1. Out of all DSSP beta bridges with both ends in the stretch 1-99, state the antiparallel percent to the nearest 5.
2. For the chain, build the charge dipole from Cβ charges (+1 Lys, Arg; -1 Asp, Glu) around the Cα centre, then report which of Ala78, Gly32, Thr47 sits farthest towards its positive end.
3. Calculate, for the chain, the solvent-accessible area per residue in square angstrom, rolling a 1.4 angstrom probe over the heavy atoms of the protein chains.
4. Once phi is turned into θ = phi - 60°, what whole-Hz ³J(HN,Hα) does the Karplus curve with 6.51, -1.76 and 1.60 give for every residue of the stretch 6-18, x standing for Gly and Pro?
5. Just need the relative contact order of the stretch 9-82 here, percent rounded to a whole number, with Cα pairs under 8 Å and 6+ apart.
6. Using mean projected area of the Cα convex hull in nm² as the read-out, say which of (1) 6.2; (2) 7.9; (3) 5.5 was calculated from these coordinates.
7. Under 5 Å between amide H atoms, partner at least 5 residues away or on a different chain: which partners does Val21 have, H built in plane at 1.01 Å?
8. At what distance in angstrom do the alpha carbon centres of the stretch 1-55 and the stretch 62-81 lie from each other?
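The values are calculated or read from the model by the stated rules, or taken from the named source; none is laboratory data. Quantities reported herein were computed from a predicted structural model and do not represent experimental measurements. A quick note on method: Cβ atoms are made from the backbone with ideal geometry, for glycine too, and the neighbour counts reach across all protein chains shown. All accessible areas refer to the heavy atoms of the entire protein, side chains included, with ligands and DNA or RNA removed. Shrake-Rupley method; radii C 1.70, N 1.55, O 1.52, S 1.80 Å.
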Amino acid sequence: VSVARDAATGREVHAAEDFDVVMIDLTLPDVGGLELAAELRAVDGVTALVAMTGVDRAQTLDGADPAIVDLRATKPLAWDRIKELGTRGARHARDRREEKEA
């Protein structure tokens, strides 16, 4: 598990490591989370991206393009929900990896 408190750090961490799942808060201090998700998707077609927010929940998540964002979540997140998102996201990543290799 790695943590980044802003998009700039998130980009650096993402470039340095391989992830199955990346959870992106839509309210980042430097860039909108959906913008960051689009950037990550453009360079990484495998990692599952989870858009999450605790602000303006319904409206904000409705803007998450399903071609970019795999899963959506509203905060607060209980531990069971985090595990579920991780499991589902890892399946997405595994399936994409297998498709690439085929």
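1. About 10 percent, rounded to the nearest 5.
2. Ala78
3. Heavy-atom accessible area per residue stands at 61 Å².
4. So the J values, rounded to whole Hz, are 8, 5, 4, 5, x, 4, 4, 5, 4, 5, 8, 9, 9.
5. Relative contact order, the stretch 9-82: 29 percent.
6. Answer label, from the structure shown: (1).
7. Distant-sequence amide H within range of Val21: Ala48.
8. 12
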